[in-house]
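Here the structure comes first, spelled out in structure tokens, and everything after it is commentary.
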Amino acid sequence: MKNILAKFLSGLIASFMLFFSISFMTVIPQLHSFLFRPDRIQFKIGFPLVYYQEMLVDCPDFNYHWSLANLLLDFGIGMLLVMSGCAIFQKYVK
């Protein structure tokens with residue numbers, strides 16, 4: 001029982017790391033346009049589904065939108081990928 005719980009927790013931690021790294025990688029290309037192209041300010045976070053979006057409505061006013069469903073689906077996809085990758089790796093390594 002402890003072994004299964006330890007595997008699940010390690011997979012959950014790996015899923016969080018994958019989710020945060022993919023989210024960070026979706027932000028990096030947008031920072032260039034955000035800093036050097038002030039006429040085109042639109043900020044999206046999330047892959048494959050966008051779960052946070054921010055855009056410039058009027059000069060000092062930003063409009064933003066969170067999608068909790070897309071956030072949970074993105075994390076679920078990442079968790080599915082990590083867990084299936086771990087299962088395949090354990091099957092073929094032994």
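Since every read-out is calculated from the coordinates, none of them should be taken as a lab result. Computed from a predicted model, the values in this text were never measured in an experiment. Glycine gets a Cβ as well: all are built from the backbone with ideal geometry, and neighbour counts include every protein chain shown.
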FRET efficiency for residue 7 and residue 56 from the Cβ-Cβ distance with R0 = 41 Å, rounded to 0.05, comes out at 0.35
So residue 47 and residue 64, fully extended at 0.36 nm per residue minus their Cα-Cα distance, gain in nm 4.4 nm
So the angle from the long Cα axis of helix 2-36 to the longest Cα principal axis of the chain, reported in degrees to the nearest 10, equals 20 degrees
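Please compute the Kirkwood hydrodynamic radius over the chain, one decimal place, Å, based on all pairs of different Cα atoms. Don't skip to the end; give the middle numbers.
Numbers: mean 1/r = 0.0652 Å⁻¹.
Final number for the Kirkwood radius of the chain is 15.3 Å.
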Most exposed to least, judged by fewest other Cβ atoms within 10 Å, 57, 27 sort to 57, 27
Here, residue 91 and residue 17, labelled 7 Å along Cα→Cβ, have an inter-label distance in nm of 2.3 nm
Summing -39500 (n - 2.57) over every DSSP H run of at least 4 in the chain, dividing by its residue total and rounding to the nearest 500, the 222 nm mean residue ellipticity is -23500 deg cm²/dmol
Rounded to the nearest 10, the angle in degrees between the Cα long axis of helix 68-93 and the longest principal axis of the Cα atoms of the chain comes to 30 degrees
